[in-house]
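Colleague: Have a look at this one.
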Amino acid sequence: MRTVTASALILALAAAAAAPAVATPGKPSTDGLWRMDGYGTVLSLDGDALQEFQTTSVSCLKGDTARRTGAGAYTNAYGTVLTIRSGSNHNRASLGADSSVGHRTLRRIHALPADCTRPTPKDPRTAFDVLWHSFAENYPFFAAKGVDWQDVRDRYRPKVRKNTTRKELFGIFSDMVRPLYDAHVAVQDGERVFAQMRPGTELPSPQLDAKVKKFVLDRDLKDAPYRQDFANGRITYADLPGSADQGYLRISGFAGYTPENAPYGAHLAELDKALDTILTKDRTQRLKGLITDLRINGGGSDALGIHIAERLTDKSYVAYAKRARNHPTDPGRHTRPEPIRVVPADGPRYTGPIAVLTGGSTVSAGETFTQALMDRPGRTIRIGQPTQGVFSDVMERNLPNGMTAFLPNEEFLNRSGDTYDGTGIPPHLTEPVFTKEEFAKKRDSAFDRAVSVLRNDG
């Protein structure tokens with residue numbers, strides 16, 4: 001798995017196309033062929049090699065690769081460590097990734113699907129069919145978005161011909177997914193990319209992040225007695241000016257803590273350095289309120305968010321439950337929900353009131369972290385605007401003509417069994433977030449409201 005922009009994770013796997021031997025009875029081994037519950041994926045494990053096959057009911061294309069780096073462990077080109085474990089039943093196994101949360105169930109199969117053993121045509125109509133089926137068999141939110149995907153096929157497939165150009169096909173694909181308004185949906189052809197945010201929200205770009213960070217530093221933290229950046233500038237902490245018992249923690253993403261090609265473990269180490277410096281024994285005892293600012297957060301690794309949440313509680317609790325769509329024609333069938341727990345970390349922890357600032361530019365892992373704090377023991381209040389409304393890991397689907405489609409297939413459930421996909425997580429207290437008027441009048445209404453609420457709590 002790897003992170004693709006906003007909390008997007010895909011499997012990465014190695015090169016064996018031939019079917020390896022089935023495990024010998026009495027000799028535990030994960031070598032062989034495995035079909036994953038949900039995800040439209042078959043895995044081939046053969047010695048040191050692991051290969052992903054991306055499947056639909058009409059296609060099978062090779063995906064990414066990884067190499068074995070330990071017992072049951074495979075590392076992909078992005079440094080993500082995949083761990084595969086089987087129990088006493090050697091026909092079932094589970095797959096986990098260090099940068100993700102939860103596990104995926106694997107079931108042993110004895111032969112590759114027939115489509116995996118023959119070449120896939122590269123003509124425009126075949127590419128159309130693979131894209132359409134990838135969404136039809138995995139996307140969970142057509143009903144919620146009010147999109148009839150069969151109607152989309154009926155309208156657009158006749159427009160695709162043998163002589164349809166790549167540019168024209170890219171335009172057709174873009175038009176097909178446009179009505180979804182899903183920030184985890186994209187179509188890519190080389191440098192051409194179609195992706196969009198929910199209407200009325202803004203992409204959490206580096207430019208927006210830099211603008212907002214300067215605004216906050218100049219306006220909110222100008223006279224802070226202590227202020228420091230961490231994790232390649234993605235994390236900022238300050239003791240608030242004029243209030244010795246209030247702190248401010250700004251997190252602009254759950255990725256990019258080290259150079260881009262560093263493995264997950266390096267990002268985790270940088271995060272721990274930051275948290276060890278911020279959440280000292282003295283500060284965790286002194287603070288009576290903590291503002292956690294996620295208003296510009298581009299997402300990344302859900303696991304890093306859970307890691308931070310473990311520093312903000314003294315009791316174990318369930319952050320959310322994760323499930324994936326698990327039937328090609330029935331969007332109401334899913335994998336068994338897996339509870340994702342927050343377990344208190346060793347060492348100093350802050351367990352007092354928290355004000356979480358969110359907005360439409362709080363995306364993906366920024367949202368799963370927000371959700372992970374919702375049932376946190378102790379007072380947690382959300383202030384600002386609803387988050388973007390995209391939570392799932394992102395499936396990367398190769399198309400036979402060399403294009404790529406990206407889509408979600410998972411749901412992150414709250415304790416009532418509902419999701420916040422599409423609408424986003426709502427605030428308890430609504431305030432404007434970085435509007436033109438706020439910038440023009442040098443106001444930060446959400447920040448000021450948080451200071452006031454925490455002061456009254458204290």
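Each reported figure results from applying straightforward, stated rules to the coordinates on display, with no laboratory input. Just so we're clear, the structure is a prediction, and the values are computed from it rather than from any experiment. Glycine gets a Cβ as well: all are built from the backbone with ideal geometry, and neighbour counts include every protein chain shown.
Colleague: With the crude spin-label approximation of a point 7 Å out along Cα→Cβ, what separation in nm comes out for Ser88 versus Ala266?
Modeller: About 4.3 nm separates the two model spin labels.
Colleague: Exactly which chymotrypsin sites (Phe, Trp or Tyr not before Pro) in the range 301-394 are in a DSSP loop and have at most 13 other Cβ atoms within 10 Å? List each step's numbers first, then the result.
Modeller: Working: sites: Tyr317, Tyr320, Tyr350, Phe369, Phe391; in loops: Tyr350, Phe391.
Counting only loop positions with at most 13 other Cβ atoms within 10 Å, none of the chymotrypsin sites (Phe, Trp or Tyr not before Pro) in the range 301-394 qualifies.
Colleague: Give me the one-decimal nm value for the distance between modelled label points at Thr117 and Tyr156, 7 Å along each residue's Cα-to-Cβ direction.
Modeller: 3.3 nm
Colleague: Where does the chain land at 222 nm, in deg cm²/dmol rounded to the nearest 500, when only DSSP H runs of n ≥ 4 count, each adding -39500 (n - 2.57), divided by all residues? Working shown, then result.
Modeller: Numbers: 11 runs with 110 residues, N = 458.
Calculated at 222 nm, the ellipticity per residue is -7000 deg cm²/dmol.
Colleague: So, how do all the Cα-to-Cα distances of the range 51-114 break down into 5 Å bins, in percent, from 0 on up?
Modeller: Per 5 Å bin, starting at zero, the Cα-Cα P(r) for the range 51-114 comes out as 4, 15, 21, 26, 20, 12, 2, 0 percent.
Colleague: Per q in 0.14 1/Å, what log10 I(q)/I(0) does a Debye calculation on the alpha-carbon atoms of the range 100-149 return?
Modeller: Once normalised to I(0) and log-transformed, intensities are -0.65.
Colleague: Here's another thing I want to ask about it. Kirkwood hydrodynamic radius (Cα pairs, Å) of the chain?
Modeller: Values: mean 1/r = 0.0432 Å⁻¹.
Result for the chain, one decimal place: 23.1 Å.
Colleague: With helices defined as uninterrupted DSSP H runs, which ones in the chain have an alpha carbon span along their own long axis of at least 20 Å and mean Kyte-Doolittle hydropathy of at least 0.0? Spell out each step's value before the answer.
Modeller: Details: long enough: 124-138 (21 Å, -0.33); 264-278 (21 Å, 0.09).
Span-like helices, by this rule, are 264-278.
Colleague: Let me ask something additional. Would you work out the relative contact order for the range 300-354, in percent, from Cα pairs under 8 angstrom that are 6 or more residues apart? Provide the component values of the computation, followed by the final result.
Modeller: On the way: 69 pairs, mean separation 23.4, N = 55.
So the answer I get is 42 percent.
Colleague: Would you please state the base-10 log of I(q)/I(0) at q = 0.14, 0.21, 0.22 1/Å for the range 124-195, with intensities from the Debye formula using one equal scatterer on every alpha carbon?
Modeller: -0.41, -0.93, -1.02
Colleague: Normalise the Debye intensity by I(0) for the range 204-332, one equal point scatterer per Cα, no solvent, then take log10 at q = 0.14, 0.15, 0.18 Å⁻¹ and round to two decimals.
Modeller: -0.70, -0.79, -1.06
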